Amino acid sequence: MKGNLIITSDNMAVFERSLDMLDTSIKELRRVADNMMPEMLTKFDLDEALKEYCNTMNATKLITVKYQSLGMDSRLDKSTEIIVFRIVQELLNNIMKHAAATEAFVQLIKEDNRLNVVVEDNGKGFDAVLTETNKGAGWVNIRSRLDYLKGQLDIHSETGKGTLVNIEFNV
């Protein structure tokens, strides 16, 4: 279109800026859509999606993430899979941003109608009581997602000794 029209330089600048805004809008829309439904969960079940996500983190060479699952033989409800994926993703992001950890461990154990999710790291640890008053989006999101699942959250952390987050709920 821009090659077939005679446009003034001022109009060309407006046209270029409009194209840039359109590109930015498309990228933002893709980001929002990905946040609503992680691409990995469209291809895989929760178990495979988390395994793949951990492999992706390992590929960065910034941290080693080990993944283990037991009893994840059947798919969970779609919304539950999304919520659990997002919680684990947020916990691993917190580890990357704040823990100065070299290793993390993610474990899912499904027994009967209970799912237990454990995320552990060998990082610097912190005062777990602070997560109750912390207004950071990460912990607020984790707690609201867990409230939706009617789950329990236990955080065990000690300065210099890493962190273990244990989540349990009915599926």
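Straight distance only, please: which lysines reach the Cα of residue 61 with their own Cα at less than 24 Å, same-chain residues fewer than 8 apart left out? Reachable lysines: 51, 97, 124, 161.
With both residues required to sit in the chain, DSSP beta bridges show an antiparallel share near 75%.
Starting with the highest mean, order 161-168, 17-24 by the number of other Cβ atoms within 10 Å, averaged over the residues of each peptide. Walk me through the intermediate numbers first.
On the way: 161-168: 18.8, 17-24: 10.2.
Averaged packing, sorted descending, gives the order 161-168, 17-24.
Compute the signed sum of charges (Lys and Arg +1, Asp and Glu -1) over the other residues within less than 14 Å, Cβ to Cβ, of residue 71. Local charge sum for residue 71: -3.
Charges at C-beta only: +1 for Lys and Arg, -1 for Asp and Glu. How large is the resulting dipole of region 40-170 about its Cα centre, in Debye rounded to 20? Write down the numbers at each step before the final one.
Numbers: 16 positive and 19 negative charges, 83 e Å.
It works out to roughly 400 debye.
Listed by chain and number, the lysines whose C-alpha is less than 17 Å from the C-alpha of residue 150, apart from same-chain residues fewer than 8 away, are 78, 110.
Read-outs throughout are calculated quantities, based only on the coordinates presented, and are distinct from any laboratory measurement. Here the structure is a predicted model, which means the values were calculated and not measured. So basically every Cβ, Gly included, is an ideal-geometry build from the backbone, and we count neighbours across all protein chains shown.
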